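Shown next, in structure tokens, is the structure this report addresses.
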Amino acid sequence: MIKSQTKLAMLAAVLTAPIILFPQQTARAAGGGGGGGGGAGSGELYGSSYSTPAPAYPQEKDRKTTHRVKKPAKQSSFDDPAFRDGYRAAYATIYERNDYAAAIEQLHALGRDDQPNVANLIGYSYRKLGDYKQSQVWYERALKADPNHVLTWNYYGLWQIEQGNRDAAQYHLSRIAEICGTSCDEYRSLAAALEKPPGTSLVY
């Protein structure tokens, strides 16, 4: 009698063992997806895998930020106080006193003719003096130093309009749009100049 009861108890234990183990394995598998009550199903597991690329966005931003930090290195001339002061003086000579010949001398004296800001202002000064050949040389030099120098594309576009090259000026406008969009000052001023009737004198 005792033996048969023992056998029955063992048989019951063997038969119920899979039922006990199976829910534990299921719970472990479901819980592996992590996150949130209500029972995790396959949808949540896939949801987790879909969300794994999310950290890539901050990493991309970090990469852009790093790139932006490096960008001023191209303009490292401005880290030199003597250059910075000389450039500001030439800038004032151009825009405050309109003495373009003196500004060209000041800009050459900086010894950085291949710096895009310098070359662009030399080109601008020659244009304001009416020397379009020299102006073109310096605009080209500025763009060779920095193909994305948006102010040169703007000034050179105005040069094109004054020379009657409206199609070329339109190309310059499209390059500005690629670099800084259609809401930046450089785009708006060149677009406004293009809207004026041919032959209109430009004050820029």
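The values are calculated or read from the model by the stated rules, or taken from the named source; none is laboratory data. It should be emphasised that the depicted structure is a prediction, and the values quoted were computed from it without experimental measurement. With ideal geometry, Cβ positions are generated from the backbone for all residues, glycine too; neighbour counts draw on all protein chains shown. Please note that ligands, DNA and RNA were not included when accessible areas were found on the heavy atoms of the full protein model with its side chains. Shrake-Rupley method; radii C 1.70, N 1.55, O 1.52, S 1.80 Å.
Out of all the residues in segment 84-99, which are of a type in the set (D, E, K, R), in a helix (DSSP H, G or I) and loosely packed, with under 13 Cβ neighbours inside 10 Å?
Within segment 84-99, Asp85, Arg88 meet the criteria.
I'm trying to understand the selection: among the residues of segment 100-144, which are buried (at least 16 other Cβ atoms within 10 Å of the Cβ) and farther than 23 Å from Gly157 by Cβ?
Hits for segment 100-144 are Gln106, Leu110, Arg112.
Would you mind stating whether Lys196 is of a type in the set (Lys, Arg), more than 24 Å from Pro81 (Cα to Cα) and modelled with pLDDT under 95?
Yes: the conditions hold for Lys196.
Considering each residue of segment 151-193, count those that are more than 20 Å from Tyr132 (Cβ to Cβ) and open to solvent by less than 30 Å² (accessible area, probe 1.4 Å), and give that number.
Matching residues across segment 151-193 total 4.
Go through segment 103-156 and give me each residue that's assigned to a loop (DSSP other than H, G, I, E, B) and free of Cβ contacts under 8 Å to residues at least 12 places away in the same chain. So that I can check it myself, show each step before the final result.
Of segment 103-156, the ones assigned to a loop (DSSP other than H, G, I, E, B) are 110-115, 129-131, 146-149.
Correct list: Gly111, Gly130, Asp131, Pro147.
For the structure I just gave you, tell me whether Tyr204 is surrounded by 14 or more Cβ atoms within 10 Å (Cβ to Cβ) and not in a helix (DSSP H, G or I).
On the way: surrounded by 14 or more Cβ atoms within 10 Å (Cβ to Cβ): yes; not in a helix (DSSP H, G or I): yes.
The answer is yes for Tyr204.
State all residues of segment 161-171 that are in a helix (DSSP H, G or I) and either under 14 Å from Thr200 (Cβ atoms) or in contact (Cβ under 8 Å) with a residue 60 or more places away in the chain (or both); if no residue qualifies, say none.
If the condition is that a residue be in a helix (DSSP H, G or I) and either under 14 Å from Thr200 (Cβ atoms) or in contact (Cβ under 8 Å) with a residue 60 or more places away in the chain (or both), then Ile161, Glu162, Arg166, Ala169 are the ones that fit.
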